[in-house]
Amino acid sequence: MKKLINDVDFVVEDMLAGLVAAHPTCVKKLDNINVLVRVTAPTKGKVAIVSGGGSGHEPAHGGYVGFGMLNAAVAGPVFTSPTPDPIYQAIKAVDGGSGVLLVIKNYTGDVMNFEMAKEMAEMDGIKVDSVIVNDDVAVENSTFTAGRRGIAGTVFVHKIAGAKAENGGSLEEVKSVAQKVIANVRSMGMSLSSCTVPAAGKPNFTLAENEVEIGMGIHGEPGTHREKLKPVDKIVDHLLGKILGDMSINSNDEVAVMVNGLCSTPLMELYIANKRVNEILTDKGIKIHKTFVGEFMTSLEMAGFSISILKLDNELKQLLDAPANTPAFKCI
């Protein structure tokens, strides 16, 4: 195993310390727990948004803590949900009196632990609600989930719910717009290679030299099938076909597009994939309001990418375009 780390047991702590050192005007770490919060936390009178999950998906989730997005991110061990206590501490640290919304990706451990933390905070009199993101159309159930997985489409939930909270929305209004995003976003990905969890010291699956996995999850969960590597246009045709086949979307509808690298795929290749996404949507008369290409939710050093499509209405467009300033996402 070749990794630029110091100690397998402290990779998350070292990573968070480095993130805070790079962005001290934006985020700070709570003492003795792996939680990042805004330096201004708590903000009185504003709904706070908390997300998180296992580490290894950077910049998710700590990179989205800041103006216009999250108020706190809870970092579990690599590919492992945080326990309820740090989530509970995050809720307490950012509650400004108007309630806290938890944005949870649909993985069994995350759902269970975030919901337990929610109950703990409610016992303290904090108003807490939650939404569960399940945008992955690849498979209905997987190693880590009951139901569809939450993947890169979660970033759209962070952005749009964050903007609604920043604009003074109530907890009920922020949850409602988050649910609207979840109802209208679909994603699917693929992998060219595996990744190595530091504590394991070896790849968590293997692919042959000319083999890819279609529908791979962000923790290496199995997808729909393996096949020989094809030109990227053919891969995009399959992924986007599955996505659009699961959405109610017509000519003249507007969408936001995210082409998300899993970490080891060059931007050159992501832009080539986006070229085909643009061609397909344009041919169908679907209007592209905004496109995001880059690394938004990764999987350690895995090579591959995912596509997310968010169907927009006027409210979602306005909130997507609203200002945001976080370590990993800027919209001015």
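Report, by residue number, each residue of the range 99-110 that is more than 25 Å from GLU166 (Cβ to Cβ) and either among the charged types (D, E, K, R) or surrounded by fewer than 20 Cβ atoms within 10 Å (Cβ to Cβ) (or both).
Initially, the range 99-110 is screened for residues more than 25 Å from GLU166 (Cβ to Cβ), giving 106-109.
The answer is THR108, GLY109.
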Worksheet item: Quick one: is THR206 open to solvent by 10 Å² or more (accessible area, probe 1.4 Å) and in contact with a strand residue (DSSP E or B) (Cβ under 7 Å, 6 or more places away or on another chain)?
Response: no
Response to the item:
Taking the range 272-311 and keeping residues open to solvent by less than 20 Å² (accessible area, probe 1.4 Å) and among the aliphatic types (A, V, I, L, M) leaves ALA273, VAL277, LEU281, ILE286, MET297, MET302, ALA303, ILE307, ILE309, LEU310
Worksheet item: Any residue at all in the range 228-240 that is in contact with a strand residue (DSSP E or B) (Cβ under 6 Å, 6 or more places away or on another chain), among the aliphatic types (A, V, I, L, M), open to solvent by 60 Å² or more (accessible area, probe 1.4 Å) and modelled with pLDDT of 95 or more?
Response: yes
Response to the item:
Exception for ALA146 within (1) more than 14 Å from GLY223 (Cα to Cα); (2) without any contact (Cβ under 8 Å) to a residue 24 or more places away in the chain falls at (2)
Practice prompt. Filter the range 204-231 for residues that are part of a loop (DSSP other than H, G, I, E, B) and either over 27 Å from GLY109 (Cβ atoms) or without any contact (Cβ under 8 Å) to a residue 24 or more places away in the chain (or both) and give the result.
Written response: ASN204, PHE205, THR206, LEU207, ALA208, GLU209, ASN210, LEU229, LYS230, PRO231
Worksheet item: Say we look at the range 142-152 and pick out the residues that are open to solvent by 50 Å² or more (accessible area, probe 1.4 Å) and hydrophobic (A, V, I, L, M, F, W, C); which of these is modelled with the highest pLDDT?
Response: ALA146
Fill in: Qualifying positions in the range 120-136 - farther than 18 Å from GLY96 by Cβ and either outside any loop (DSSP other than H, G, I, E, B) or at pLDDT below 95 (or both)
MET120, MET123, VAL131, ILE132, VAL133, ASP136
Discussion item. Open to solvent by 60 Å² or more (accessible area, probe 1.4 Å), polar (S, T, N, Q) and within 24 Å of THR108 (Cα to Cα): which single residue out of THR83, THR40, THR25 fits that description?
Written reply: THR83
Worksheet item: Restricting attention to the range 113-134, and to residues there that are without any contact (Cβ under 8 Å) to a residue 12 or more places away in the chain and not acidic (Asp, Glu), which single residue is surrounded by the fewest Cβ atoms within 10 Å (Cβ to Cβ)?
Response: GLY125
Fill in: Filter result for the condition that a residue is open to solvent by 10 Å² or more (accessible area, probe 1.4 Å), within 21 Å of GLY215 (Cα to Cα) and in contact (Cβ under 8 Å) with a residue 40 or more places away in the chain, over VAL139, VAL155
VAL139
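Looking only at strands (runs of 3 or more DSSP E) that lie completely in the range 5-102, which have at least 2 residues being without any contact (Cβ under 8 Å) to a residue 40 or more places away in the chain? Quick ask: steps written out before the conclusion?
Details: elements: 27-29, 35-38, 48-55, 72-78.
Of the strands (runs of 3 or more DSSP E) lying wholly inside the range 5-102, those with at least 2 residues that are without any contact (Cβ under 8 Å) to a residue 40 or more places away in the chain span 27-29, 72-78.
The values are calculated or read from the model by the stated rules, or taken from the named source; none is laboratory data. What you see is a predicted model, and the numbers here were worked out from it, not measured in a lab. So basically every Cβ, Gly included, is an ideal-geometry build from the backbone, and we count neighbours across all protein chains shown. The protein model used for the area step is the full one, side chains on, heavy atoms only, and it has no ligands, DNA or RNA in it. Shrake-Rupley method; radii C 1.70, N 1.55, O 1.52, S 1.80 Å.
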